[in-house]
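What follows is a single structure, written as structure tokens, with notes after it.
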Amino acid sequence: MNKEFVFKVSLEGKAIIKLNDNSITISRPGFISKFTHGFVGEKTILINQITSVQFKKSNTFTRGFLQFIVPGTAEAKKNSYDENIVYFKDAWGNFDEENKNAEFIKKYIEEYNMRQNELKQVVNSSSNFDEIKKLKELLDINAITQEEFEAKKKELLNLKSIK
């Protein structure tokens, strides 16, 4: 995936979010953006480092935003600029496209992280089964007792005893 989304806010310039397979890059080109947001340059964030995405739709009266929450970064303080927020509001009232794009980015990040978490669970399960196999080998050579084997197996499989 290599997509680029442009978000505009009248009198504040624009922001570009480049969505790649496993990262996003936020840039703010142009003089107005540099003036209103400072000369911060591009910022790339790995998607698996994003713990949540806050999204507010733009409408006739308010601007919308996407905020990427990453551990270890301070959220916006009064009178300071949060480089992980992208605001948007079309001056002409055409906000449907930007809302749709922002929602797409949020959904992509959430689904990416959900797939990564599922993959981690599969890997952990595989590791547990490998561990059980090793324990069985120890049981077969009488290095551990049947009770020790069963107790450790239950622990590895997260089984609770039924009484």
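The values are calculated or read from the model by the stated rules, or taken from the named source; none is laboratory data. All figures in this text were calculated on a predicted structure; none of them were measured in a lab. So basically every Cβ, Gly included, is an ideal-geometry build from the backbone, and we count neighbours across all protein chains shown.
For first residues located in segment 77-102 and more than 17 Å from SER10 (Cβ to Cβ), partners that are at pLDDT below 70 and acidic (Asp, Glu) and lie 6+ apart or on another chain with Cβ distances below 7 Å form the pairs ASP82/GLU75.
Here's the yes/no breakdown for (1) assigned to a helix (DSSP H, G or I); (2) at pLDDT 90 or above; (3) over 17 Å from ILE24 (Cβ atoms):
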residue: LYS107; (1), (2), (3): yes, yes, no
residue: ASN117; (1), (2), (3): yes, no, yes
residue: VAL123; (1), (2), (3): yes, no, yes
residue: SER127; (1), (2), (3): yes, no, yes
residue: LEU139; (1), (2), (3): yes, no, yes
residue: GLU147; (1), (2), (3): yes, yes, yes
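Suppose the filter is more than 24 Å from ASN2 (Cβ to Cβ) and at pLDDT below 90; does LYS57 pass it? Reasoning before the result, please.
Details: more than 24 Å from ASN2 (Cβ to Cβ): yes; at pLDDT below 90: no.
In short, no.
Scan segment 6-19 for residues that are surrounded by 13 or more Cβ atoms within 10 Å (Cβ to Cβ) and at pLDDT below 95 and jot them down. Selection gives VAL6, PHE7, LYS8, VAL9, GLU12, GLY13, LYS14, ALA15, ILE16.
When residues in segment 1-25 are screened for being more than 23 Å from ASN117 (Cα to Cα) and assigned to a loop (DSSP other than H, G, I, E, B), 3 of them pass. Of all residues in segment 1-10, those satisfying the criterion of being more than 15 Å from ASN99 (Cβ to Cβ) and without any contact (Cβ under 8 Å) to a residue 40 or more places away in the chain are ASN2, LYS3, GLU4.
Could you list, in sequence order, all residues of segment 54-66 that are more than 21 Å from GLY30 (Cα to Cα) and touching a strand residue (DSSP E or B) at 6+ places or on another chain (Cβ under 6 Å)? Walk me through it before giving the result.
Going through segment 54-66, the residues more than 21 Å from GLY30 (Cα to Cα) turn out to be 54-62.
Listed by number, the residues that qualify are GLN54, PHE55, LYS56, LYS57, SER58.
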